[in-house]
Amino acid sequence: MLRALLLALASFISRLWLSLFQRTDEPAGMSARFLIVGLGNPAPLRSTRHSIGAMALDHFASSCGASWRSSKSAGGDVAEVMACRVRV
């Protein structure tokens, strides 16, 4: 039950981010960039309430068709996507 609630919350946060990017009023030729950071626990504790940020990012990235890659310079996993003409 808790996992289903967390997934629903992650889905809601992901849809909220998309709605914010749709409201970007950038002039033609300009490129907006956003950085979204979500903290999460390793595998055994992944589906706890403390990992909701990472769960929301997983949902957001998968809904945009992005895949995760490991980044030494970022110190974690990174997914770069275009959402509503905005680089995220």
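The values are calculated or read from the model by the stated rules, or taken from the named source; none is laboratory data. Here the structure is a predicted model, which means the values were calculated and not measured. Counting neighbours? That spans all protein chains shown, and the Cβs are built from the backbone with ideal geometry, glycine included.
Within the stretch 61-76, residues that are in contact (Cβ under 8 Å) with a residue 24 or more places away in the chain have Cβ atoms under 7 Å from residues that are part of a loop (DSSP other than H, G, I, E, B) and surrounded by 14 or more Cβ atoms within 10 Å (Cβ to Cβ) in these pairs: 64/81, counting only partners at least 6 apart in sequence or on another chain. Has the stretch 49-63 got at least one residue that is assigned to a loop (DSSP other than H, G, I, E, B), exposed (fewer than 15 other Cβ atoms within 10 Å of the Cβ), within 16 Å of the chain's Cα centre (by Cα) and at pLDDT 80 or above? Within the stretch 49-63, none of the residues are assigned to a loop (DSSP other than H, G, I, E, B), exposed (fewer than 15 other Cβ atoms within 10 Å of the Cβ), within 16 Å of the chain's Cα centre (by Cα) and at pLDDT 80 or above.
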